[in-house]
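A.B. asks: So that we are looking at the same thing, I have put the structure below in C-alpha cells.
The values are calculated or read from the model by the stated rules, or taken from the named source; none is laboratory data. What you see is a predicted model, and the numbers here were worked out from it, not measured in a lab. Positions of Cβ are generated from backbone atoms using ideal geometry, with glycine treated the same way; all protein chains shown enter the neighbour counts.
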Amino acid sequence: MAAFDEMGLGSDAVRPAYRALKIWLDSAPPELLDLRRSQAEHFFRRVGITFAVYGDTQDTERLIPFDIIPRIITQEEWTKLRKGLEQRVNALNAFLRDVYGPRECIRAGVIPADLVDRNPFYRVEMIGQKVPHDIYVHISGIDIVRVDADTFYVLEDNARTPSGVSYMLENREVMMRLFPELFAEHRIAPVDNYPDALLATLRSVAPEAGRRNPNVVLLTPGQYNSAFYEHSFLADKLGVELVEGSDLYVRDDVVYMRTTEGPQRVDVIYRRIDDDFLDPLTFRPDSALGVPGLMNAYLAGNVTLANAVGTGVCDDKAVYSYMPEIVRFFTGEEPILKNVPTWRCREPEALAYVLDHLPELVVKEVNGSGGYGMLVGPHATQQQIQAFRKKLRHDPAGFIAQPTLALSTCPTFAASGIAPRHVDLRPFVLSGADGVRCVPGGLTRVALKEGSLVVNSSQGGGTKDTWVLDA
Amino acid sequence: MLSRTADHIYWTARYVERAEFLARILEATLRLSSLPSNYGGAGTEWDSAVLTSGCAAAFYKAHPYADEHNVREFLAFSPDNPSSIRNCLAIARTNARAVRTALTSEMWDALNGAWLELRQFDNKKMGREDFARFLDWVKNVSLAFDGSAYRTMLRNDAYWFSRLGVGIERADNTARILDVKYHVLLPDTEQVGGSLDYFQWTTILREVSAHTAYHWVYRQSVQPWLVADLLILNRQMPRSLAASYDTIVRHLDLIADAYGRRGPSQRQARAMLDKLASARIEGIFQSGLHEFITDFLRDNNKVGAAIAEQYLI
C-alpha cells in the first residue's frame, strides 16, 4: 500500500509547499545536517524537555526523539482543518452538556443510552450539574491523520488532559534557533502565542468572571509524573502557580492555596490529574494527589475545573464512532472533518465482518490510549490475530475496528538517510467563554520505525515541528 | 508565592550549605589527623568530626568506633546517612527540581551538573589526595550554586528565602563546631602558643574557612578566646553567629516589608541579633561558653521553626 508523501518523496513532483525546503535539503551538506541534529538534541537535553529525566538512571525516561525536518501544511489546508476542529469541539461541548443534562441526543436516538451510562468515564456526580459558562472541554487535542492530498480524518478526540503542547512550543523554539535561514525563506505562522491564548481561555471561564482578577493555577500530580516537565513549563509560560494537591485546601466550599502571605483564593484550576484522583472524598479515597472537598467547591460554582469532570466520555472510541451524528445533531451542519469509518463490534453484523477481515483491519479497545491494546492486522502475527479473535468474541463491546489507513508520510532522518515515515497531527483547541482559539498547526508525531503506523512516544515515536504557511 | 515553593527553595539552600560544611569538617579533620599524634590531641579527631556533623547517633549505631575510613564513607558517601554529602546534594536537587522554574537556569545547572558528576566519585578507589580533591569539588559546587543565586536571581521573596536557608544552616553549623570543641577554647593552664590545643584551635578556624581571616582581624597569634570571638561575635566573619543573624534579620525584614506584615520569626531573629550585638566575649566565657552555645542552638532551631510556621507550611 503506497502511502501519500506530503513532500512528494518517491514521485517526480515536489509538492509546492515543500519546494523551498526540498531545495534547501538537497543543497545542505550532510555534515551541516548532522551538526544541526546534534545541536537540537543538545538543546532539548540542556534547557528543555528532559530536565525532569536528564541523567536520571533511577527513573529512566527517554528523550522523545526530535526530527529536524519540518512538516508543512498550507494555509488553505489549515483553514479547513481549523473550521472543522472548531465545529467538532463545539459539538463535543454541546454533547457533554446534553448527556449530563436533558439527554436529548439519547432520546432522539443519536447514540445508544448504554454507551453513555455504562461508560467508565461518565460521572454520575455531574448529572444535572451546571458547570461555569457551560463549557466542559476547555483544552482538547484532536488527533488528525491524512491519507491523500485532500483527505484528513479525525483519529481520536482527547478531551481529558491532552499533553504534548510543550513539545509543539519547544520544537518551534529549537527550529528557529537552528534554522533561521529557513524561517526567513518561508512565511510560517507563529505558535508562541499559545500560552497567552490558554491563559485568556482559562481566565474567561472563571466563576463570576470579571468580578476581580481571577487566580488561575495549574494542578500537577508532582515531579514524579512523566508529564511533569510540561506542567512546570506551562505554569512558567502562563505565569501561574504550579500547585500540588497539598498546596490547596477547601474551606466553606471555597478553594484556597497556601502561600507565604497566607491563604489565597483560587478561581480556576487547570488540572493535569485525572478525575479519579481529584478529590478523595468523592472519587478514589486513596488518592493523595487531590484536594479533599474540591468537588463540593466545584459543584457549588466557586471554582472552575479545566477540563470539567466527566469529559472522558468523549475519549471513548465507541462514542467516537457516533461523532458524525453528534456533530449533525448539535450543530445542524455537516461535519467538516471526517471520521475514520468504524465498525462497532458491539453490533453483531459489524462483529461478523471484523472477525472475517482481521488481517486487514486495525482493532482498538474502546477505552485504550497510548497505542496500547491495539491490533494492526497487516503487521500482526497469526498468534496475535488469534488472540484478538478470542478477545473480540469474549467482549465485543470493548472494541472497535477500522480499516488500516495509509497514513501520510513525511521525509524524516533515518539511519539510511532521508526516508518517508508515517505522521499524525495533534492540534490543540481551546474553548473559552469568549470563543474557540487554536494556534496554527499542533504537534506532529512521527513513527520512526520504517513502515510503523504507531506514532505514540511510548511506542518509539518522535516529533517534528509543524509549519502552517501564511498566505 | 506558594508556601511549598518557598519551602523547597529554603531547603535547597540549606542542604547545599550543609554539604559544604561537611566538606570543610572532613578537610580540617584530615589535616589534623595527619599531624603526629602529640600535636593532634588524643586521636579523637574522627570522633569529633562525627559529633560536629550532628549524626553521632546514626554513626555509632553502625560503627563501634570512628576512624578515617568509616567516617569518610559515612559523612561523604553513605546512602544510609541522611545527611551525607551525597544525600545533601541529592536532596537539594530534588527540592530544586520540584520548583525548577523558581530557580534560575544557572542555579539549576550548578546543582544538576553536580548531581550527575557525583556518580564519578568512588570512595573505595580514593586515596587521601583524591578525597581531598573531592572535598574541593564539593566546596566548588556550593560556590557555584550560591554564586549563581547571588548573581542571577531576582531580588524578591524567592531570593530572600534562599538567603534565610543559608543563614539558619550556617548559624547551626558554626554553633555545632563550638558545641563539640568548646572545651579546647576554655582558658586553662597551658601556655599560649605552646599549647597542644593550638592545632585544635587552628582546626576550628579551618572548619569555618577563617584561618587567614583570623590573622587579618586580630593581628596576633591564635588565642582561644579570640577564636571564639571570631566565630560568635565578629560580624565581618561570614560564618560567625552574628553575621549569620545579620543575614537572617535582613532578609526576614525584606520579606516582612514586602508582605506588609511582621510576625514571630522577625521578633525572635531580631532578639537573637540584639543579644549577639551587645555581648562581649569575656562575658560569654564568664557565664559559660557551653551554656551560651547550647542556648544558641536551641534558639536558632526555634527561629527556623518560626520561619516554617509563618511562611513555609
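A.B. asks: May I ask you to say which residue of B:12, B:29 is modelled with pLDDT under 95 and part of a helix (DSSP H, G or I)?
C.D. replies: Matching residue, one of B:12, B:29: B:29.
Residue-wise test of (1) outside any helix (DSSP H, G or I); (2) at pLDDT below 95.
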position: A:114; (1), (2): no, yes
position: A:120; (1), (2): yes, yes
position: A:144; (1), (2): yes, no
position: A:155; (1), (2): yes, yes
position: A:161; (1), (2): yes, yes
position: A:173; (1), (2): no, yes
position: A:182; (1), (2): no, yes
position: A:192; (1), (2): yes, yes
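A.B. asks: Condition (residue is surrounded by 15 or more Cβ atoms within 10 Å (Cβ to Cβ), charged (D, E, K, R) and within 14 Å of another protein chain (Cβ to nearest Cβ)) applied to region B:22-30: is it met by at least one residue?
C.D. replies: No: region B:22-30 contains no residue that is surrounded by 15 or more Cβ atoms within 10 Å (Cβ to Cβ), charged (D, E, K, R) and within 14 Å of another protein chain (Cβ to nearest Cβ).
A.B. asks: A further question on this structure: Can you tell me which of A:247, A:192 is surrounded by fewer than 22 Cβ atoms within 10 Å (Cβ to Cβ) and over 20 Å from residue A:277 (Cα atoms)?
C.D. replies: Within the list A:247, A:192, the selection yields A:192.
A.B. asks: Okay, moving on. Residue pairs, Cβ under 9 Å, 6 or more apart or interchain, first in region B:98-116 and at the interface with chain A (Cβ under 8 Å from one of its Cβ atoms), second β-branched (Val, Ile, Thr) and not in a helix (DSSP H, G or I). List them.
C.D. replies: Going by the 9 Å Cβ cut-off, the qualifying pairs are B:105/A:47.
A.B. asks: For region A:250-258, check the following and say yes or no: at least one residue is outside any loop (DSSP other than H, G, I, E, B), in contact (Cβ under 8 Å) with a residue 12 or more places away in the chain, within 9 Å of chain B (Cβ to nearest Cβ) and of a type outside the set (Gly, Ala, Ser).
C.D. replies: yes
A.B. asks: Name the residue, out of B:312, B:289, B:297, that is in contact (Cβ under 8 Å) with a residue 60 or more places away in the chain and within 14 Å of chain A (Cβ to nearest Cβ).
C.D. replies: B:312
A.B. asks: Quick test of your reading of the structure: residue A:196 fulfils all but one of (1) out of contact with any helix residue (DSSP H, G or I) (no Cβ under 8 Å at 6 or more places or on another chain); (2) touching a residue at least 60 places away in the same chain (Cβ under 8 Å). Name the failing condition by number.
C.D. replies: Against the list (1) out of contact with any helix residue (DSSP H, G or I) (no Cβ under 8 Å at 6 or more places or on another chain); (2) touching a residue at least 60 places away in the same chain (Cβ under 8 Å), residue A:196 comes up short only on (2).
A.B. asks: When you look at residue A:261, is it within 14 Å of chain B (Cβ to nearest Cβ), over 24 Å from residue A:159 (Cα atoms) and charged (D, E, K, R), yes or no?
C.D. replies: yes
A.B. asks: Still on this structure: Among (1) touching a helix residue (DSSP H, G or I) at 6+ places or on another chain (Cβ under 7 Å); (2) at pLDDT below 90; (3) charged (D, E, K, R), where does residue A:360 come up short?
C.D. replies: Here residue A:360 clears every test but (2).
A.B. asks: Now for a separate question. If a residue has to be touching a Lys or Arg at 6+ places or on another chain (Cβ under 7 Å) and within 12 Å of chain A (Cβ to nearest Cβ) to count, how many in region B:60-97 make the cut?
C.D. replies: Residues flagged as touching a Lys or Arg at 6+ places or on another chain (Cβ under 7 Å) and within 12 Å of chain A (Cβ to nearest Cβ) within region B:60-97 amount to 0.
A.B. asks: In addition: Condition (residue is surrounded by 21 or more Cβ atoms within 10 Å (Cβ to Cβ), touching a strand residue (DSSP E or B) at 6+ places or on another chain (Cβ under 8 Å) and part of a helix (DSSP H, G or I)) applied to region A:385-399: is it met by at least one residue?
C.D. replies: Checked region A:385-399: at least one residue is surrounded by 21 or more Cβ atoms within 10 Å (Cβ to Cβ), touching a strand residue (DSSP E or B) at 6+ places or on another chain (Cβ under 8 Å) and part of a helix (DSSP H, G or I).
A.B. asks: Hey, residue B:139 hits all of (1) away from every other protein chain (no Cβ under 14 Å); (2) charged (D, E, K, R); (3) closer than 29 Å to residue A:231 by Cβ but one; which does it fall short on?
C.D. replies: (3)
A.B. asks: Give region A:325-356 a look and list any residue that's farther than 20 Å from residue A:154 by Cα and touching a Gly at 6+ places or on another chain (Cβ under 8 Å), or say none.
C.D. replies: Correct list: empty.
A.B. asks: Here's something else I'd like to know. Which pairs turn up if I take residues in region A:31-56 that are closer than 23 Å to residue A:221 by Cβ and of a type in the set (A, V, I, L, M, F, W, C) and look for partners that are outside any loop (DSSP other than H, G, I, E, B) and modelled with pLDDT of 60 or more with beta carbon separation below 6 Å, at least 6 apart in sequence or on another chain?
C.D. replies: Cβ pairs passing all conditions: A:49/A:170; A:49/A:229; A:52/A:228; A:52/A:229.
A.B. asks: Can you pull out every residue in region A:225-241 that is surrounded by fewer than 17 Cβ atoms within 10 Å (Cβ to Cβ) and either touching a strand residue (DSSP E or B) at 6+ places or on another chain (Cβ under 7 Å) or assigned to a helix (DSSP H, G or I) (or both)?
C.D. replies: Hit for region A:225-241 is A:236, nothing else.
A.B. asks: In region A:430-438, is there at least one residue being in contact (Cβ under 8 Å) with a residue 60 or more places away in the chain, surrounded by 23 or more Cβ atoms within 10 Å (Cβ to Cβ), in contact with a Gly (Cβ under 8 Å, 6 or more places away or on another chain) and not in a loop (DSSP other than H, G, I, E, B)?
C.D. replies: So far as region A:430-438 goes, no, none of its residues is in contact (Cβ under 8 Å) with a residue 60 or more places away in the chain, surrounded by 23 or more Cβ atoms within 10 Å (Cβ to Cβ), in contact with a Gly (Cβ under 8 Å, 6 or more places away or on another chain) and not in a loop (DSSP other than H, G, I, E, B).
A.B. asks: For region A:91-108, which residues satisfy the criterion of being under 13 Å from residue A:311 (Cα atoms) and assigned to a helix (DSSP H, G or I)?
C.D. replies: Listed by number, the residues that qualify are A:91, A:92, A:93, A:94, A:95, A:96, A:97, A:98, A:99.
A.B. asks: Considering region B:223-246 alone, what residues qualify as being hydrophobic (A, V, I, L, M, F, W, C) and part of a loop (DSSP other than H, G, I, E, B)?
C.D. replies: Selection gives B:233, B:237.
A.B. asks: In region A:225-249, which residues are among the β-branched types (Val, Ile, Thr) and more than 7 Å from chain B (Cβ to nearest Cβ)?
C.D. replies: Across region A:225-249, the qualifying residue is only A:240.
A.B. asks: Also: Restricting to region B:119-136, what's the tally of residues that are within 14 Å of chain A (Cβ to nearest Cβ) and surrounded by 19 or more Cβ atoms within 10 Å (Cβ to Cβ)?
C.D. replies: Matching residues across region B:119-136 total 0.
A.B. asks: Just to be sure I understand the filter: pairs with C-beta atoms under 9 Å, separated by 6 or more residues or on different chains, first member in region A:99-110 and without any contact (Cβ under 8 Å) to a residue 24 or more places away in the chain and within 12 Å of residue A:326 (Cα to Cα), second member assigned to a loop (DSSP other than H, G, I, E, B) and not hydrophobic (A, V, I, L, M, F, W, C). Which pairs pass?
C.D. replies: Once the first residue is without any contact (Cβ under 8 Å) to a residue 24 or more places away in the chain and within 12 Å of residue A:326 (Cα to Cα) and sits in region A:99-110, its partners that are assigned to a loop (DSSP other than H, G, I, E, B) and not hydrophobic (A, V, I, L, M, F, W, C) give A:106/A:112.
A.B. asks: Show the residue pairs meeting these rules: Cβ distance below 7 Å; 6+ apart or different chains; first residue within region B:247-263 and within 13 Å of chain A (Cβ to nearest Cβ); second residue among the charged types (D, E, K, R).
C.D. replies: As it stands, the answer is B:251/B:163; B:255/B:157; B:256/B:262; B:258/B:157; B:259/A:261, since those pairs meet every condition given.
Yes/no per residue for (1) out of contact with any Leu (no Cβ under 9 Å at 6 or more places or on another chain); (2) at pLDDT below 95:
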position	(1), (2)
A:9	yes, yes
A:13	yes, yes
A:44	no, yes
A:47	yes, yes
A:52	yes, yes
A:55	no, yes
A:58	yes, yes
A:63	yes, yes
A:98	yes, no
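A.B. asks: Also, I was wondering about something else. Would you be able to say whether some residue in region A:81-88 is part of a helix (DSSP H, G or I), modelled with pLDDT under 95 and in contact with a strand residue (DSSP E or B) (Cβ under 8 Å, 6 or more places away or on another chain)?
C.D. replies: no
A.B. asks: Tell me yes or no: at least one residue of region B:73-82 is part of a helix (DSSP H, G or I), more than 18 Å from the chain's Cα centre (by Cα) and crowded, with 21+ Cβ neighbours inside 10 Å.
C.D. replies: No; the residues of region B:73-82 include none that is part of a helix (DSSP H, G or I), more than 18 Å from the chain's Cα centre (by Cα) and crowded, with 21+ Cβ neighbours inside 10 Å.
A.B. asks: Name the residue that is modelled with the highest pLDDT, counting only residues in region B:152-205 that are among the polar types (S, T, N, Q) and part of a loop (DSSP other than H, G, I, E, B).
C.D. replies: B:156
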